[in-house]
Amino acid sequence: MKVLYIASSTAMAGGATKSLTLMLTQMLKHDVEVEVVCPDEKGLTKWLRENGIKVHVVRFKAVYLPSFKTISDIIKWIPRLVYYSYINQRGKACLKRIAKEVSPDIIHENTSTINIGYHISKSIGVPDIMHIREYGYLDFKMIIPDRKCRLRNKNVFSISITKDIRRHLGLDSNPRSTQIYDGIVENADFRINPDKKRWFLYAGRIDSGKGIEDLLEAYVEYANSIENPFPLYVCGEATNESYFNRLKLIVKENGLDSKVNWLGERGDLDNYMYNTTATIIPSRFEGLGRVMPEAMTNGSLCVAKYTGGTKEQLENGKQLTGKPIALSYENKNQLKEILHNITTTVKNGNAFSPESEYIQMIERSQIAVREFFTDDNFGEKVIDFYNSILEKKGQTSNT
């Protein structure tokens, strides 16, 4: 079996890229021939070459519209839309030549925000898989104008990363659709540190959709309500300088510069998760949310907003283990109270002793991660889906 993957981005810190690299590793274990198309020469392209995976660089752009607030916003977007259309037309011509040369059995697009693979799959007569990682407007305030149209095409198959995204797009009864949770961790990666450090952790992009402003506002209330509050460590890249400056101003105006530590993007994030008192996941509406299972794998107590893909993870875990796998909240006041309670419990001692409530919750969370997010389970389910597609198309597989 030969699969041509289309990557929407080469940013190695992005969840879609992390999922793609793990998927490629799994497919190679299953003897799938893989080649990848990337939009530029940066991070992922370098990683692919270093790992001996054939990569083609084709310039193309994602197809989505932002949330317009004014007529002026629309007018400003028009030149960009014309430019992107021009880039994509050239990209399609280039990709068509590559696809004819590669002759894949399947084209697999790594997100639903790109459609270049869809157009090429139609022209060369092979199945196209849309990997749906985003709601669109609910999580990123963007509109993907042609997505539903593509999904109606009988040549298009889809993988939704959560049950709720699949429901949201009306794909529950679509025979060409399936739901597979991303592989996020290896079976051997699990660990727990009972000697936790006295600080809280936020890990992820510094972006409004990730809920970090809500977290800071709750943290301000928490810090003002308790003696010697635990510091907050913020690990992540700031993608919008003006937004980042606004967050730093919130911290400064409340006299918390010494308590909120901006650490940037970290290569040793696993160790921060391993050592922190708790990892906070405040996303306003997450598609899946890799941070929580990554933190749980590293033995972190998690505090998560009860919404979107995060909510689905919490419900799956409770259904599997019979009890909560994390502390959850629905508003900033509840988050403040949880931080306060954790701090008090830790200061009183034995918060992370073997029989403590928190350690038992962490152990349950790791049972859930093993069940839903290990790389081997993910790889096997993707292979099964590939084989079912080829059977429907009357082809045979060597895997």
**Fill in**
All-but-one check, ILE132 against (1) under 26 Å from MET1 (Cβ atoms); (2) open to solvent by 20 Å² or more (accessible area, probe 1.4 Å), failing number (2)
**Prompt:** Do you know which residues across the range 314-351 are modelled with pLDDT under 95 and in contact with a helix residue (DSSP H, G or I) (Cβ under 8 Å, 6 or more places away or on another chain)?
**Reply:** ALA351
**Prompt:** Are any of the residues in the range 179-194 among the charged types (D, E, K, R), open to solvent by 20 Å² or more (accessible area, probe 1.4 Å) and part of a helix (DSSP H, G or I)?
**Reply:** yes
**Fill in**
Scanning the range 145-178 for residues that are open to solvent by 20 Å² or more (accessible area, probe 1.4 Å) and small (Gly, Ala, Ser) gives GLY170, SER173
**Complete:** Within the range 261-291, residues of a type in the set (A, V, I, L, M, F, W, C), more than 19 Å from the chain's Cα centre (by Cα) and surrounded by 18 or more Cβ atoms within 10 Å (Cβ to Cβ) come out as ALA278
**Message:** Regarding the range 199-213, can at least one residue be identified that is within 15 Å of the chain's Cα centre (by Cα), under 18 Å from GLY317 (Cα atoms) and acidic (Asp, Glu)?
**Reply:** no
**Prompt:** Given the conditions (1) surrounded by 15 or more Cβ atoms within 10 Å (Cβ to Cβ); (2) of a type in the set (Ser, Thr, Tyr); (3) over 24 Å from the mean Cα position of the chain (by Cα), which single one is not true for SER258?
**Reply:** (1)
**Asked** Which of the residues that make up the range 348-359 are open to solvent by 20 Å² or more (accessible area, probe 1.4 Å) and without any contact (Cβ under 8 Å) to a residue 12 or more places away in the chain?
**Response** ASN348, GLY349, ASN350, GLU355, GLU357
**Request:** Mind listing just one residue for me: the one in the range 69-101 that is of a type in the set (Phe, Trp, Tyr) and open to solvent by 70 Å² or more (accessible area, probe 1.4 Å) and, of those, modelled with the highest pLDDT?
**Result:** TYR86
**Asked** Restricting attention to the range 143-162, does a residue exist that is in a helix (DSSP H, G or I), touching an Asp or Glu at 6+ places or on another chain (Cβ under 7 Å) and either closer than 17 Å to TYR5 by Cβ or not acidic (Asp, Glu) (or both)?
**Response** no
**Fill in**
Within the range 295-342, of all residues that are of a type in the set (Ser, Thr, Tyr) and buried (at least 17 other Cβ atoms within 10 Å of the Cβ), the one nearest to the chain's Cα centre (by Cα) is THR310
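The values are calculated or read from the model by the stated rules, or taken from the named source; none is laboratory data. Because the structure is a prediction, the values reported are computed rather than measured. Every residue, glycine among them, receives a Cβ derived from its backbone with ideal geometry; neighbour counts consider all protein chains shown. Surface areas here come from the heavy atoms of the whole protein model, side chains and all, with no ligands, DNA or RNA. Shrake-Rupley method; radii C 1.70, N 1.55, O 1.52, S 1.80 Å.
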